[in-house]
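Each remark here refers to the structure printed beneath this line.
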Amino acid sequence: MTTSAPIPSLEGKKIILGVTGSIAAYKAAEITSQLRKRGAEIFPVMTAAAQKFITPLTLQTLARKPVAADLWDEGNGWQPGHIELADKADLMLVAPATADVIAQFAHGLAPDYLSSMYLVCRAPVLIAPAMNCKMWTHPATAANVATLKTRGVEFIGPEEGVLACGYEGIGRLWPVEDIVGRVESMLGASGGKPE
């Protein structure tokens with residue numbers, strides 16, 4: 001008797017993974033691995049600041065896709081790469097997301113590949129913030145988050161705990177397994193065995 005292997009819950013789903021300049025950027029490697037194990041196709045996009053914390057080679061290897069980072073190096077196609085990629089995405093996940101990138105998104109600023117992609121992306125967007133607790137609780141950040149929520153952007157976290165800067169408070173990246181679970185939920189993933 002043979003048993004069927006579980007169906008990957010995200011089989012065929014295309015997910016943009018935006019990574020920004022937070023100390024939690026290293027967790028993007030585990031997020032990439034976990035989403036790929038579930039069958040998702042991951043398209044990593046990194047800000048210049050993110051590349052100070054984790055190398056593009058790491059995400060490129062885990063995702064098995066090139067890392068998009070430079071608006072001026074978008075390939076040879078007729079359509080700009082950030083538009084082409086955004087058009088085929090089922091979900092845009094930004095994890096970790098800094099206060100700076102959240103502000104760019106809220107105000108429609110597009111100085112880099114990730115923020116430009118956000119403006120053209122019509123897929124659902126999930127943001128997992130990670131920053132110092134004072135930055136998270138600042139009225140400007142709160143207003144930017146509220147603005148994005150009114151536009152349908154979903155947030156997961158941050159959580160409370162000891163932060164890399166030595167402070168204790170709300171600002172830690174939400175646990176990877178919970179971020180992956182939210183992605184599955186947003187994409188209607190059921191997983192399990194076929195009937």
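Every number in this text was worked out from the coordinates using simple rules, so none of it is lab data. Since the structure is predicted, the reported quantities are computational estimates derived from the model, not experimental observations. Note: ideal-geometry Cβ built from the backbone for every residue, glycine included; neighbour counts use all protein chains shown.
Summary table below
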read-out: Relative contact order (%) - criterion: Cα under 8 Å, at least six apart; region: region 122-195; value: 34 percent
read-out: DSSP-loop trypsin sites (Lys or Arg not before Pro) across region 132-167, with at most 16 other Cβ within 10 angstrom; value: ARG151
read-out: Long pairs among LYS37/LYS149; LYS27/LYS149; LYS13/LYS65; LYS14/LYS37; LYS52/LYS149, criterion Cα-Cα beyond 20 Å; value: LYS37/LYS149; LYS27/LYS149; LYS52/LYS149
read-out: Three-way shape label, the chain, alpha-carbon gyration tensor, a/c 1.5; value: oblate
read-out: Neighbour-count order for SER22, SER33, fewest beta carbons within 10 angstrom listed first; value: SER33, SER22
read-out: Ascending count of other beta-carbon atoms within 10 Å, so fewest first, for TYR113, TYR167; value: TYR167, TYR113
read-out: Rg [Å, one decimal], Dmax [Å, integer] - region 25-118, C-alpha atoms; value: 12.9, 35
